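The values are calculated or read from the model by the stated rules, or taken from the named source; none is laboratory data. Keep in mind it's a predicted model, so treat the numbers as computed, not measured. Cβ atoms come from the backbone with ideal geometry, glycine included; neighbour counts cover every protein chain shown.
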Amino acid sequence: MNQVYKFHNAKLLTGECIDFIVENGKITDLLPVTTSIHNAKFDLADFVKNRNPSTDIINIDCKAELILPAAIDVHVHSREPGFSHKEDWMTLSNAAFKGGVVAVCDMPNTLPPTMSRADIEEKAHIAQKSKLAFKLYLGVGKANIGSLKNILSDPSLPLCGLKVYYGQSTGELMYDDLETLAKALPENMRGVLTFHSEDQCRIDHNEKELLTGYNSKDDSLPYELHSKIRSSDSAWQSTKVILEWAKKWQQPVHIAHISTPAEMELIEEARQGGLHVTAEVAPHHLIFSTDDYEHLGPLLKMNPPVRSPEEVHELRNYFAKGLIDYFATDHAPHTLVEKNQPYKLCPSGVPSIEYFWPLLLLLADQTGLSPVQTLQMGAAKAAIPFGFSSLGKLEVGYDASFVWISRQTQTIRNKEVVSKCRWSPYDGMELPYTVCATWHKGQLVYNNKLND
Ligand code: DOR
Ligand code: ZN
């Protein structure tokens, strides 16, 4: 039987209330609240209890709570293949759906790193187990620089673009020969050219200076050294070089996880000069600062690292003005055992995809980011460049992939984390929003009422 779902009295982020209809996984109608389906028969709880209703029209009363398009997270680390003790595609999808995310772009630093056609095909085969929409990043190194033209112009591969680790991060991937890269890219590259922007020379120099005399396993090294070693300067220097290169070659570029206002200044300048440059920001760079090492220690170690409270304040101003294109979690789970090691041994990275929409809405409230910009950053803007053209908007013809969010305060608790790593840097934090349910292509893929 062809089920038709009528969602009644859904409140959009912009304030108006709508009714909308879902059929065959698509949004087929959307109209201002009418009386036509006013007497909605079911609310969400009833919907769950009546999974096989005999009626072919199911009415769902949204009770004037928020309905948003499901999010697209353009920066995640699935960890599979190779590190499935940290996360796998099934646990990632559970975490994503809980955060209101239905589409992800996966980074190449898995094992093997995603460098060849076979690596892409193997990862795609694994990822298809989950219901998540996904696109994969190809990584670049000396070994595959000669194959980029071929791989990046093949429309049959589920790629969102190329990831360049201009500085080394978690894993071995690194490539900093930008002249060779320029010549190795296809004419009209499909997807996004994304940089991990930290200057390795500066990092190495800082490390040598700051760690001289220490044993690498020394457990007295303070974790806050991380922000000094991978300094704001090293991010600035790297972003400067990348933008100069992009200008020379007239190459659109995307800068991953912007952590400093100084880089945003460079980006704004480049944009004014006519360069197509986009940027993403991760929640941890807007919420935490170097002050937080005191209580979080190893759990706050990530690349690029957290910055001074003043820099966070200024970065929030760029965020508030809608000058950063995407909100992306850089979900990078490691186990607690791995994290709770001395500074040098503790791997960089924090998980957070399962709080995507609540964190973005909180940051929007705190900074005054407009509703339109919030929807752009969380969902709409990424759809075309990253290859999810049927997602990102609550509009007729789009996939019925949306999120029901209530203004119910939740306290983040490690024991409730569904990511395989089972911890969150936000443990104990209160969020004034909770994802009640997530639908993807017309299917209910997450419902926190099911756990009641
Ligand atoms: O903190 C980070 N963790 N930054 C990265 O660039 C990689 C990531 C990871 O894979 O753990
Ligand atoms: Zn990352």
**Prompt:** Taking into account only those residues within the range 95-139 that are more than 16 Å from ligand 1 (Cβ to nearest atom) and of a type in the set (S, T, N, Q), which is surrounded by the fewest Cβ atoms within 10 Å (Cβ to Cβ)?
**Reply:** Gln128
**Item:** Qualifying position, being more than 17 Å from Ser238 (Cα to Cα), within 15 Å of ligand 2 (Cβ to nearest atom), buried (at least 18 other Cβ atoms within 10 Å of the Cβ) and at pLDDT 95 or above, among Leu159, Leu92
**Value:** Leu92
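Quick check on this structure: which one of Leu162, Leu157 is in contact with a helix residue (DSSP H, G or I) (Cβ under 9 Å, 6 or more places away or on another chain), free of Cβ contacts under 8 Å to residues at least 60 places away in the same chain and not in a strand (DSSP E or B)? Give the derivation first.
On the way: Leu162 fails: not in a strand (DSSP E or B).
Matching residue, one of Leu162, Leu157: Leu157.
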**Asked** List, please: which pairs have Cβ atoms under 8 Å, are six or more places apart or on different chains, and start with a residue in the range 109-128 that is without any contact (Cβ under 8 Å) to a residue 60 or more places away in the chain and part of a loop (DSSP other than H, G, I, E, B) and end with one that is small (Gly, Ala, Ser) and more than 16 Å from ligand 2 (Cβ to nearest atom)?
**Response** Met115/Gly141; Met115/Ala143; Ser116/Ser147
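Test Ser130 against the criterion of being hydroxyl-bearing (Ser, Thr, Tyr) and over 15 Å from Trp89 (Cβ atoms), and give yes or no.
On the way: hydroxyl-bearing (Ser, Thr, Tyr): yes; over 15 Å from Trp89 (Cβ atoms): no.
Judged against the criteria, Ser130 is not a match.
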**Complete:** From the option list Lys248, Lys240, Lys228, single residue qualifying as among the basic types (Lys, Arg) and closer than 30 Å to Gly378 by Cβ is Lys240
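Of all residues being assigned to a loop (DSSP other than H, G, I, E, B) and surrounded by 15 or more Cβ atoms within 10 Å (Cβ to Cβ) in the range 44-68, which is modelled with the lowest pLDDT? Just the residue, please. Outline the logic, then answer.
Of the range 44-68, the ones assigned to a loop (DSSP other than H, G, I, E, B) are 50-56, 62-65.
Those left that are additionally surrounded by 15 or more Cβ atoms within 10 Å (Cβ to Cβ): 53, 62, 65.
On the way: Pro53: 56, Cys62: 93, Glu65: 95.
Filtering first and then ranking leaves Pro53.
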**Complete:** Scanning the range 296-342 residue by residue, those away from ligand 1 (no atom under 14 Å from the Cβ), touching a Pro at 6+ places or on another chain (Cβ under 8 Å) and among the hydrophobic types (A, V, I, L, M, F, W, C) turn out to be Leu315, Phe327
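Residues checked against (1) part of a loop (DSSP other than H, G, I, E, B); (2) not small (Gly, Ala, Ser):
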{"site": "Phe356", "(1), (2)": "no, yes"}
{"site": "Leu360", "(1), (2)": "no, yes"}
{"site": "Met377", "(1), (2)": "no, yes"}
{"site": "Leu391", "(1), (2)": "yes, yes"}
{"site": "Leu394", "(1), (2)": "yes, yes"}
{"site": "Val403", "(1), (2)": "no, yes"}
{"site": "Ser419", "(1), (2)": "yes, no"}
**Request:** Could you check Gly100 against (1) modelled with pLDDT of 95 or more; (2) at negative phi and say which number it fails?
**Result:** (2)
**Request:** Could you run through the range 138-156 and say how many residues are modelled with pLDDT of 95 or more and of a type in the set (D, E, K, R)?
**Result:** 1
**Asked** Looking at this structure, is Gln366 more than 16 Å from ligand 1 (Cβ to nearest atom), within 17 Å of the chain's Cα centre (by Cα), closer than 30 Å to Arg230 by Cβ and not acidic (Asp, Glu)?
**Response** no
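If I filter the range 181-190 for residues that are assigned to a helix (DSSP H, G or I), closer than 30 Å to His295 by Cα and at pLDDT 95 or above, do I get at least one hit? Steps first, answer last, please.
Pass one, the range 181-190, residues assigned to a helix (DSSP H, G or I): 181-184.
After this cut, where a residue has to be closer than 30 Å to His295 by Cα as well, the list is none.
No, the conditions are met nowhere in the range 181-190.
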**Request:** Kindly provide the set of residues from the range 408-434 that are in contact with a helix residue (DSSP H, G or I) (Cβ under 6 Å, 6 or more places away or on another chain) and within 16 Å of Cys62 (Cβ to Cβ), ordered by number.
**Result:** Tyr433
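Confirm whether Leu31 is modelled with pLDDT under 85 and not aromatic (Phe, Trp, Tyr). So that I can check it myself, show each step before the final result.
Working: modelled with pLDDT under 85: no; not aromatic (Phe, Trp, Tyr): yes.
Spelling it out, it is not the case that Leu31 is modelled with pLDDT under 85 and not aromatic (Phe, Trp, Tyr).
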